[in-house]
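To keep things clear, I will list the structure first and then write my remarks on it.
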Amino acid sequence: MAGKAWRSAVRTQKMYRNLSVTLIPGDGIGPEISMAVMKIFDAAKAPIRWEERNVTAIKGPGNRWLIPPEVKESMDKNKIGLKGPLKTPVAEGHPSLNLLLRKTFDLYANVRPCVSIDGYPTPYTDVDLVTIRENTEGEYSGIEHVIVDGVVQSIKLITEHASQRIAEYAFQYAKQNRRSSVTAVHKANIMRMSDGLFLRKCRQAAEKHRDVKFTEMYLDTVCLNMVQDPTQFDVLVMPNLYGDILSDLCAGLVGGLGVTPSGNIGANGVAIFESVHGTAPDIAGRDAANPTALLLSAVMMLRHVGLQHHAERIQTACFRTVRDKKVLTRDLGGNSTCSEFTEAICQRVQDLD
Amino acid sequence: MAAHSAVLSVCKIAHPVWGRRLGNTAKVFGATLTSHRNKSFLSRENIPPPAKYGGRHTVTLIPGDGIGPELLSHVREVFRFSCVPVDFEVVHVNSALETEDDINNAITAIRRNGVALKGNIETKHTMAPSVKSRNNLLRTSLDLYANVMHCQSLPGVQTRHKNIDIIIIRENTEGEYSSLEHENVPGVVESLKIITRNNSLRIAEYAFKLAREKGRHRVTAVHKANIMKLADGLFLQCCREVAAGYPDITFDSMIVDNTTMQLVSKPQQFDVMVMPNLYGNVVSNVCAGLVGGPGLVPGANYGRDYAVFETATRNTGKSIAGKNIANPTAVLLASCMMLDHLKLYDYANLIRNGVLTTMNETRLHTADLGGQGTTSEVVQSVMKIIQSKGQHTSDI
């Protein structure tokens with residue numbers, strides 16, 4: 001399935017020694033942090049060839065909004081993408097570009113590994129978990145209607161196909177990344193049929209992957225235990241809304257959206273890795289941005305395509321720079337610029353050789 | 001009944017001051033409830049008076065499953081010891097049965113008595129979808145629309161965050177918990193989330209009134225209106241409308257995912273929070289975890305006519321049932337909230353003081369707080385402190 005597709009893509013790319021990746025810098029601080037990531041990858045001699053593309057929605061036939069054809073072409077060819085923050089359109093007539101990308105490439109799984117960063121202390125230490133969130137249906141189907149004046153109904157959609165797909169992916173991810181357990185998060189005591197279906201599919205996938213431990217836990221129990229002892233969790237798989245809340249909760253445990261990587265896995269071997277913070281228009285162009293989130297997402301991308309060695313080196317360089325606390329951007333508690341921080345990481349990576 | 005009146009008369013004879021107090025309580029029966037210590041609000045005047053006869057209240061007790069039965073029996077022990085004028089009408093609900101007779105009996109008992117103390121009833125989701133959650137059924141049938149939980153950092157409990165003081169008000173009857181689901185075609189299931197203007201206005205009104213009453217300055221509405229534009233949009237709009245009538249209280253809103261992120265990094269920024277059902281579930285569990293866990297926080301479900309008290313996070317605690325290690329704090333504090341509701345403020349403060357002293361000064365903690373104490377030891381400590389206050393108590 002998805003696994004086979006990307007493995008063959010990697011094999012083909014490895015033959016050419018340089019993996020081609022579509023880079024979407026984004027808006028606001030996007031271009032700056034993308035530059036930073038490219039510089040660091042260069043210093044680390046990672047075999048990546050960047051293809052920069054810009055995403056601005058265009059109106060296609062039948063009055064539907066589409067992403068530009070050159071972006072689609074590039075992604076279909078490369079299969080792997082790295083994306084910076086995109087501006088949220090307000091009254092621009094077109095839906096969010098993130099949504100467009102998700103629909104175009106059927107990005108059904110949102111994966112967020114949350115790992116405590118050594119030099120960036122939070123009240124929670126030793127966090128090491130991954131949230132896998134179903135990204136296409138659930139409570140975010142956008143199907144709402146006003147039944148009568150004052151009564152609104154919002155529909156949560158759970159399908160067998162989507163639940164099976166995400167459950168399968170969760171176990172595959174656990175296997176590939178040598179994680180020991182997968183926990184399905186649900187509220188089947190209240191939403192019997194919908195979360196019950198999701199749970200059944202998770203159980204079926206667990207049967208096929210007996211080497212990975214499978215547990216089920218109610219959403220409220222997960223929240224309760226997560227803020228008391230996050231070390232008890234490994235991989236969490238859940239429908240859309242719970243995933244949204246829990247993945248942000250876990251991001252908060254390790255330090256916020258500025259240091260959290262994220263990956264979106266789609267059908268046909270497509271994967272887009274992104275930073276989930278905003279465009280920060282107030283600091284754009286001032287060399288003050290923190291590229292950590294995008295960098296860690298790029299590291300996640302390297303792991304996804306099998307370049308573990310490079311991933312490890314770049315991540316170590318980044319974490320050691322943060323731990324040293326000598327050169328840090330403003331949001332991490334330091335006084336340095338983005339370029340200085342980037343330079344420090346580049347130095348560190350080269351020293352690691 | 002005879003035994004209870006006997007105890008009453010013994011208490012009266014044995015300690016003159018105490019006897020006088022009990023006499024006063026008896027005088028209140030039948031009179032209009034306009035005590036200067038009247039702490040209630042909303043349309044309390046329209047609620048039928050609680051079940052009270054001969055100066056004693058009758059309260060429905062639903063033991064539930066897991067740790068419920070043992071903890072509630074400890075509550076009865078403490079009440080008996082402190083001569084609290086409350087009699088419990090115990091109603092068992094068997095969660096293994098598919099019929100709704102048990103829960104209907106419980107609901108009728110609560111309608112009769114007006115007040116209940118309950119443990120959590122387990123919902124086996126392996127049963128057919130037509131077998132609904134008993135707890136949910138209870139809440140919707142009695143229209144207990146407001147779930148109130150007060151999370152406070154306790155000085156005797158070690159937590160990562162300090163100085164937390166958040167009141168969470170959660171809409172308790174609709175939203176995602178409407179239990180309206182159907183399978184359109186095999187493999188495609190729809191679950192309906194219902195938000196109504198009336199219920200949203202009602203809960204917002206409750207939140208602001210409570211905030212004003214408790215002297216709070218800020219109410220935050222938690223929502224996801226950027227995605228669920230109509231449903232949460234309606235909720236938010238209702239909150240804004242109600243906020244306009246309370247200019248002394250600041251109103252702001254926050255998206256639920258950002259809220260959870262803020263809660264784990266800076267929980268001190270929150271004051272009063274109001275939200276629909278599911279987000280309430282998430283936020284209340286996060287806050288309970290932040291102040292020390294499920295064994296510490298009591299919760300209350302208020303409706304126009306009825307009130308049901310339980311632990312805030314509604315856990316069954318199956319894995320620790322029968323082992324004498326469960327933390328009785330949450331249930332005891334919930335029973336104190338119930339006594340406040342019944343206007344038995346002295347007893348409420350007495351027991352609450354015993355519990356908090358055990359928690360903060362004696363520091364006798366159960367396993368969930370990292371201590372070595374058993375449930376019975378904690379309860380004994382509470383009763384000892386009550387006895388030391390000089391009030392008359394019956395034999396242990």
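Under the rule that a partner needs its Cβ under 4.7 Å from the first Cβ, which Cys of chain A have none?
A:C202, A:C223, A:C318, A:C338, A:C346
About its Cα centre, how strong a charge dipole does chain A have in debye, to the nearest 20, once Lys and Arg get +1 and Asp and Glu get -1 at the Cβ?
Its charge dipole is roughly 1240 debye.
About the Cα centre of the protein assembly as shown, how large is the charge dipole given +1 on each Lys and Arg Cβ and -1 on each Asp and Glu Cβ? Please answer in debye to the nearest 20.
Numbers: 84 positive and 74 negative charges, 136 e Å.
The calculated dipole for the protein assembly as shown is roughly 660 debye.
Quickly work out the B:N198-to-A:Q308 label distance, labels modelled 7 Å from Cα along the C-beta direction, and quote it in nm with one decimal.
Placing both labels 7 Å beyond Cα along the Cβ direction yields 6.1 nm.
What is the Cα coordinate range of segment B:312-367 on the first, second and third principal axes, sorted by size from largest, in whole angstrom?
For segment B:312-367, the Cα spread along each principal axis is 36, 26, 17 Å.
Comparing B:H57, B:H125, B:H74, which has the greatest mean-square fluctuation in the GNM of chain B with Cα pairs linked when under 10 Å apart?
Highest fluctuation among the options: B:H125.
Considering only the protein assembly as shown, what is the antiparallel percent among its DSSP beta bridges, to the nearest 5?
Here the share of antiparallel DSSP bridges comes out near 50 percent.
Work the Kirkwood hydrodynamic radius out for segment B:154-290: mean of 1/r over every pair of different alpha-carbon atoms, inverted, in Å.
That comes to 15.8 Å for segment B:154-290.
Put +1 on the Cβ of each Lys and Arg and -1 on the Cβ of each Asp and Glu in chain A; which of A:N18, A:H304, A:Y242 then has its Cα farthest toward the positive end of the dipole?
A:N18
Lysine pairs in segment B:159-263 with Cα distance under 26 Å, only those 8 or more apart or on different chains: how many are there?
Lysine pairs meeting both conditions in segment B:159-263 amount to 4.
Which cross-chain or sequence-distant (5 or more) residues have an amide H under 5 Å from the amide H of A:G142, H modelled 1.01 Å from N in plane?
Sorted by chain and number, the residues that satisfy this come to none at all.
Run lengths n ≥ 4 of DSSP H only: what is the helix-derived mean residue ellipticity at 222 nm for chain A, with -39500 (n - 2.57) per run over all residues, to the nearest 500?
Using -39500 (n - 2.57) per qualifying helix, the result is -13500 deg cm²/dmol.
Evaluated at 20 °C with a viscosity of 1.002 mPa s, what Stokes-Einstein diffusion coefficient in µm²/s does segment A:41-80 have when Rh comes from the Kirkwood expression over alpha-carbon pairs? Intermediate values should be presented prior to the final figure.
Values: Rh = 12.1 Å.
Reported coefficient: 177 µm²/s.
With springs only between Cα atoms under 10 Å apart, run a GNM on chain A and tell me which of A:L107, A:L157, A:L302 wobbles the most.
Maximum among the listed residues: A:L157.
On a C-alpha basis, how far is the centre of segment B:229-276 from the centre of segment A:159-218 in Å? Whole number, if you could?
33
Given H placed 1.01 Å from N in the peptide plane, which residues other than close sequence neighbours of A:V55 have an amide H under 5 Å from its amide H?
The list, which skips near neighbours in sequence, is A:G26.
Under a straight-distance cross-link criterion of Cα-Cα below 20 Å, which lysines are reachable from A:K59, leaving out those fewer than 8 residues away in the same chain?
A:K72, A:K87, A:K103
Select from segment A:210-247 all residues whose loss of accessible area on going from the chain by itself to the full protein assembly reaches 50 Å² or more (probe 1.4 Å).
When all protein chains are present, A:D220, A:L224, A:V227, A:Q228, A:L241, A:I245 each give up 50 Å² or more of accessible surface.
Based on a Kirkwood Rh over C-alpha pairs, give the Stokes-Einstein translational diffusion coefficient of the protein assembly as shown at 4 °C and viscosity 1.567 mPa s in µm²/s. Mind dumping the intermediate values first?
Values: Rh = 27.9 Å.
In µm²/s, the coefficient rounds to 46.
Just A:Y120, A:Y108, A:Y169 to compare: in a GNM of chain A, with alpha carbon springs under 10 Å, which one fluctuates most?
A:Y120
Name the residues of segment A:156-193 whose accessible area, probed at 1.4 Å, falls by at least 20 Å² once all protein chains are in place instead of their chain on its own?
A:K156, A:L157, A:I158, A:T159, A:E160, A:K187, A:N189, A:I190, A:M191, A:R192, A:M193
Need one number: buried accessible surface between chains B and A, 1.4 Å probe, both sides summed, DNA, RNA and ligands left out, in Å² to 100.
Roughly 4400 Å².
Indicate the gyration tensor shape class of segment A:126-259 (rounded, prolate or oblate), computed on the Cα atoms with a ≥ b ≥ c the square roots of the eigenvalues: a/c under 1.5 is rounded; otherwise a/b larger than b/c is prolate and the rest oblate. Spell out each step's value before the answer.
Details: a/c = 2.04, a/b = 1.36, b/c = 1.50.
Note, shape of segment A:126-259 comes out oblate.
Within chain A, what percent of beta bridges assigned by DSSP are antiparallel, to the nearest 5? Please report the intermediate quantities before stating the final value.
Numbers: 24 of 50 bridges.
Beta bridges within chain A, antiparallel portion: roughly 50 percent.
Please label the shape of segment B:70-223 as rounded, prolate or oblate, based on the square roots a ≥ b ≥ c of the eigenvalues of the alpha-carbon gyration tensor (a/c under 1.5 means rounded; beyond that, a/b larger than b/c means prolate, else oblate).
Details: a/c = 1.75, a/b = 1.12, b/c = 1.56.
It comes out oblate by the Cα gyration axes.
Could you tell me the ratio Rg/Rh of chain A? Both radii from Cα atoms, Rh via Kirkwood. Walk me through the intermediate numbers first.
Details: Rg = 20.2 Å, Rh = 21.0 Å.
Ratio value, two decimals: 0.96.
How long, wide and thick is segment B:85-134, going by the Cα atoms along their three principal axes, in whole angstroms, largest first?
Over segment B:85-134, Cα extents along the principal axes are 41, 17, 13 Å.
Convex hull over the Cα atoms of chain B, averaged projected area in nm²?
Mean projected area for chain B: 20.4 nm², to one decimal.
Calculated from DSSP H runs of 4 or more alone, at -39500 (n - 2.57) each and per residue, what is the 222 nm mean residue ellipticity of chain B, nearest 500? Numbers along the way, then the final one.
Numbers: 12 runs with 160 residues, N = 396.
Mean residue ellipticity, 222 nm, calculated: -13000 deg cm²/dmol.
For segment B:53-64, just list the computed ³J(HN,Hα) in residue order, Karplus coefficients 6.51, -1.76 and 1.60, θ = phi - 60°, integers in Hz, with x standing in for Gly and Pro.
Taking θ as phi minus 60°, the curve returns 9, x, x, 10, 8, 10, 10, 6, 10, 10, x, x Hz for segment B:53-64.
Helix A:69-78 versus the longest principal axis of chain A: what angle, 0 to 90°, nearest 10, using Cα atoms?
80
Can you give me the three principal axis dimensions of segment B:257-320 from its C-alpha atoms, in Å, biggest first?
34, 34, 18
What whole-number value in Å² describes the accessible area per residue of segment A:281-353 for a 1.4 Å probe?
Spelled out: the 1.4 Å probe surface of segment A:281-353, per residue, equals 45 Å².
Compute the whole-percent fraction of alpha carbon pairs in segment B:100-187 spaced more than 23 Å apart.
When every Cα pair of segment B:100-187 is considered, 45 percent fall beyond 23 Å.
Convert each backbone phi in segment B:224-240 into a coupling constant with the Karplus relation 6.51 cos²θ - 1.76 cosθ + 1.60 (shift: θ = phi - 60°), then list the ³J(HN,Hα) values in order as whole Hz, x for Gly and Pro.
9, 6, 6, 9, 9, 5, 7, 5, 5, x, 5, 4, 4, 4, 4, 4, 5
From the backbone phi of segment B:385-391, what are the Karplus-calculated ³J(HN,Hα) couplings (6.51 cos²θ - 1.76 cosθ + 1.60, θ = phi - 60°) in whole Hz, Gly and Pro given as x?
Here the 3J(HN,Hα) series is 5, 4, 5, 5, 6, x, 6 Hz.
Can you tell me what the convex hull of the Cα atoms of segment B:257-396 projects to on average, as an area in nm²?
Averaged projected hull area, Cα only: 10.5 nm².
Let me understand segment A:252-353 better: what is its radius of gyration from the alpha carbons, and its Dmax, in angstrom?
14.1, 44
For segment A:46-151, what is the Kirkwood estimate of the hydrodynamic radius, computed as the reciprocal of the mean inverse distance between distinct Cα atoms, to one decimal in Å?
17.4
Where in segment B:231-260 does accessible area fall by at least 50 Å² between the isolated chain and the complete protein assembly, at a 1.4 Å probe radius?
Residues shielded by partner chains are B:D257.
Above 17 angstrom, tally the Cα pairs of segment B:325-396 and express them as a % of all pairs, no decimals.
The answer is 42 percent, as a whole percent.
Name the lysines eligible as straight-distance cross-link partners of A:K213: C-alpha to C-alpha under 26 Å, and not fewer than 8 places from it in the same chain.
A:K4, A:K175, A:K187, A:K201, B:K124, B:K318
The values are calculated or read from the model by the stated rules, or taken from the named source; none is laboratory data. Worth saying up front: this structure is predicted, and the values here are computed from it rather than measured. Reconstructed Cβ throughout: ideal geometry from the backbone, glycine too, with neighbour counts over all protein chains shown. These area figures cover heavy atoms from the full protein model, side chains too; ligands, DNA and RNA do not enter into them. Shrake-Rupley method; radii C 1.70, N 1.55, O 1.52, S 1.80 Å.
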